[in-house]
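What follows is one structure encoded as structure tokens, with my remarks underneath.
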Amino acid sequence: MPIKFCRVDSINPKILTKHYEKAPDGTLTKSTVAHLTEGELTPVEVSDLREFGALVAGLKPHQALL
């Protein structure tokens, strides 16, 4: 049974991922850059979870799944 979903390719902002940064005091800070205002949806279909895992592993910082 195929698994169907959509891939989001963000145009604005250019990054849809979390950003980690070391603060001056040495602590790790995290910020989310996920306020999508412009992008494209692409329907995707995979045949199994192995194929889905490979697709997830290959996502770029400007891509997400719905």
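Just a few scattered comments:
- Normalised by the number of residues in the stretch 3-65, the average gap of Cα pairs under 8 Å and 6 or more apart makes the relative contact order 50 percent.
- D48, D25 arranged by Cβ crowding within 10 Å, fewest neighbours leading: D25, D48
- With q set to 0.15, 0.19, 0.23 Å⁻¹, the log10 of I(q)/I(0) for the chain, from the Debye formula over equal scatterers at the Cα positions, is -0.58, -0.78, -0.95.
- Comparing L55, L16, L41 in a Gaussian network model of the chain (Cα springs below 10 Å), the most mobile by mean-square fluctuation is L55.
- Total charge dipole magnitude, the stretch 3-65, about the Cα centre, Cβ charges on Lys, Arg, Asp, Glu only, Debye to nearest 20: 140
- Computed helical MRE - 222 nm, the chain, DSSP H runs ≥ 4 contributing -39500 (n - 2.57), nearest 500: -4000 deg cm²/dmol
Each reported figure results from applying straightforward, stated rules to the coordinates on display, with no laboratory input. A quick note: this is a predicted structure, and the numbers were derived from the prediction, not measured. So basically every Cβ, Gly included, is an ideal-geometry build from the backbone, and we count neighbours across all protein chains shown.
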